[in-house]
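Heads up: the structure comes next, in structure tokens.
The values are calculated or read from the model by the stated rules, or taken from the named source; none is laboratory data. Since the model is a prediction, treat every value here as computed from it, not as a measurement. Glycine also receives a Cβ, built like all others from the backbone with ideal geometry; neighbour counts cover every protein chain displayed. Heads up: the accessible areas ignore ligands, DNA and RNA and are worked out on the full protein's heavy atoms, side chains in. Shrake-Rupley method; radii C 1.70, N 1.55, O 1.52, S 1.80 Å.
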Amino acid sequence: MSTDDDTTESKCGASTSEAETETESKCGASSATEDESASKCGGSASSSSSSSSSCGASSDSDDSEEKEVGSTVDDFDAEPGQLIAVGLGPGQPEGMTQRAKAALLDADHIVGYTTYVELLPDEIVEAADDIYNTPMCGEVSRTEEAVDRTLAGNDVAIIGSGDPNVYALAGLALEITESKGADADMVDFEVVPGVPAAQSCGARLGAPLVNDTVSISLSDHLTPMPEIESRLHAVAGEEFAITIYNPWSRKRRDNYQKACEILLNHRDEDTVVGIVHGAGRDDEEVEITTLGELPEKGEEDIIDMTTTIVIGNSDTYVHEGRMVTPRGYRNKYDY
Ligand SMILES: C[S@@+](CC[C@H](N)C(=O)[O-])C[C@H]1O[C@@H](n2cnc3c(N)ncnc32)[C@H](O)[C@@H]1O
């Protein structure tokens, strides 16, 4: 395949998604993420073929605005291909499952957010007939593109970091497929799991997640903040370790501080907290701190949209620089 610059105007125009704000940089410097952020409306999609001609739909998929799902199953004459949602894991190729790798090598087309496409090993990029990637926006239009290409007869993989079932696009792919009058069986829909950030970050911290655990995303893009606050109140008072996804962005500074406030209302300020930025990526950073220190960490580079925060439970302790959450064996066994 090629990833040449036959760039087409993206259909995006929707607000930034959880999935796509991941690379927002804290430093605020002139990073690629800043550029992506600037291109939020009208960002370009890159593909070896144009977005409208490649899918083969009779509808025009080259519109510059995100809009309602356009083409329906009746617009396609071909026998549909297969649609798979593939989780890449944390970032490095070694963190990808063999099954994910095999599925991607088999796919005709790969569709994903630019950052995730850049994480793909060369052999996968070279094996694909076409790769369609879009920057910072357009998760709906990109997923629609994946569904259209499948209905046009291609085997398509839509990719994302971690696992497709964790704050990711597996559900959206099914919803869009259904909204086009197709169904999961028609496109032989399959999810190929990947290692979620909670697990890859937990691994970097030691053993913080071996007992009951919940995840909360602080992104209010799709869930209003009052609802997020109410969920945090509900879990913070219980004996769960809590994994915080999407902890910080420039637009979500207040969400981060509010979340810290709620956690400190329910838990001791000495509660052990692990912070992992960019697990498995070149800029990985790991720090163990306490809940009392967490509010001020919000302004440090380690916490941004590529960070996952793990709040221990009341039994979590630190041993030789590693978080340990007892599973409870000591209640039953002597050792
Ligand atoms: C939209 S969610 C996608 C989650 C992904 N599907 C998963 O299973 O991990 C994006 C969030 O995942 C977390 N995340 C993703 N990759 C990460 C990494 N390599 N290191 C730390 N956190 C990561 C961050 O909290 C980020 O804001």
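Conditions tested, residue by residue: (1) free of Cβ contacts under 8 Å to residues at least 40 places away in the same chain; (2) within 26 Å of residue 253 (Cβ to Cβ).
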residue: 175; (1), (2): yes, no
residue: 188; (1), (2): no, no
residue: 193; (1), (2): no, no
residue: 204; (1), (2): no, yes
residue: 210; (1), (2): no, no
residue: 217; (1), (2): no, yes
residue: 221; (1), (2): no, yes
residue: 226; (1), (2): yes, yes
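Looking at residue 161, is it outside the structural domain of residue 94 (by TED's automatic domain parsing) and closer than 30 Å to residue 288 by Cβ? Break it down stepwise before answering.
On the way: outside the structural domain of residue 94 (by TED's automatic domain parsing): no; closer than 30 Å to residue 288 by Cβ: yes.
Considered against the rule, which asks whether it is outside the structural domain of residue 94 (by TED's automatic domain parsing) and closer than 30 Å to residue 288 by Cβ, residue 161 comes out as no.
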Within the range 239-295, tally of residues that are more than 21 Å from residue 206 (Cα to Cα) and among the aromatic types (Phe, Trp, Tyr): 2
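Assess whether residue 222 counts as being away from the ligand (no atom under 13 Å from the Cβ) and either open to solvent by less than 10 Å² (accessible area, probe 1.4 Å) or not in a strand (DSSP E or B) (or both).
Values: away from the ligand (no atom under 13 Å from the Cβ): no; either open to solvent by less than 10 Å² (accessible area, probe 1.4 Å) or not in a strand (DSSP E or B) (or both): yes.
No; evaluated as a whole, the condition is false for this residue.
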Criterion violated by residue 143 - all others in (1) buried (at least 23 other Cβ atoms within 10 Å of the Cβ); (2) in contact (Cβ under 8 Å) with a residue 40 or more places away in the chain satisfied: (2)
Enumeration of residues in the range 146-166 that are in a loop (DSSP other than H, G, I, E, B), in contact with a Phe, Trp or Tyr (Cβ under 8 Å, 6 or more places away or on another chain) and either crowded, with 23+ Cβ neighbours inside 10 Å or at pLDDT below 95 (or both): 161
Test: residue in the range 130-137 that is open to solvent by 20 Å² or more (accessible area, probe 1.4 Å) and charged (D, E, K, R): no
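Would you be able to say whether some residue in the range 311-329 is of a type in the set (Gly, Ala, Ser) and at pLDDT below 95? Spell out the reasoning first.
Restricting attention to the range 311-329, the residues satisfying the condition of being of a type in the set (Gly, Ala, Ser) are 312, 314, 321, 328.
From what's left, at pLDDT below 95: 328.
Yes, the range 311-329 has at least one match.
Are any residues in the range 234-258 in a helix (DSSP H, G or I), over 20 Å from the mean Cα position of the chain (by Cα) and under 17 Å from residue 294 (Cα atoms), and if so, which ones? Before the answer, list the steps.
The first filter runs over the range 234-258 and keeps only residues in a helix (DSSP H, G or I), leaving 234-236, 250-258.
Within this subset, residues satisfying the condition of being over 20 Å from the mean Cα position of the chain (by Cα) are 234-236, 254, 257-258.
Across the range 234-258, the qualifying residues are 236, 254, 257, 258.
Every residue in the range 289-310 that is open to solvent by 50 Å² or more (accessible area, probe 1.4 Å) and within 16 Å of the ligand (Cβ to nearest atom), please.
Hits for the range 289-310 are 300, 301.
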One residue from 183, 148 being acidic (Asp, Glu) and without any contact (Cβ under 8 Å) to a residue 12 or more places away in the chain: 183
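Does at least one position in the range 267-280 carry a residue that is at pLDDT below 95, closer than 25 Å to residue 98 by Cα and open to solvent by 10 Å² or more (accessible area, probe 1.4 Å)?
To start, the set of residues in the range 267-280 that are at pLDDT below 95 comprises 280.
Restricting the remaining residues to those that are closer than 25 Å to residue 98 by Cα gives 280.
Now drop any that are not open to solvent by 10 Å² or more (accessible area, probe 1.4 Å), which leaves 280.
Yes: one or more hits.
Can you find a residue in the range 93-108 that is in contact with a Lys or Arg (Cβ under 7 Å, 6 or more places away or on another chain) and within 15 Å of residue 160 (Cα to Cα)? Outline the logic, then answer.
Step one: list which residues in the range 93-108 are in contact with a Lys or Arg (Cβ under 7 Å, 6 or more places away or on another chain), which gives none.
No.
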Members of the range 293-325 that are more than 16 Å from residue 244 (Cα to Cα) and of a type in the set (Gly, Ala, Ser): 314, 321
Residue list for the range 178-204, restricted to those being of a type outside the set (Val, Ile, Thr), away from the ligand (no atom under 16 Å from the Cβ) and outside any helix (DSSP H, G or I): 180, 181, 182, 183, 184, 185, 186, 188, 189, 190
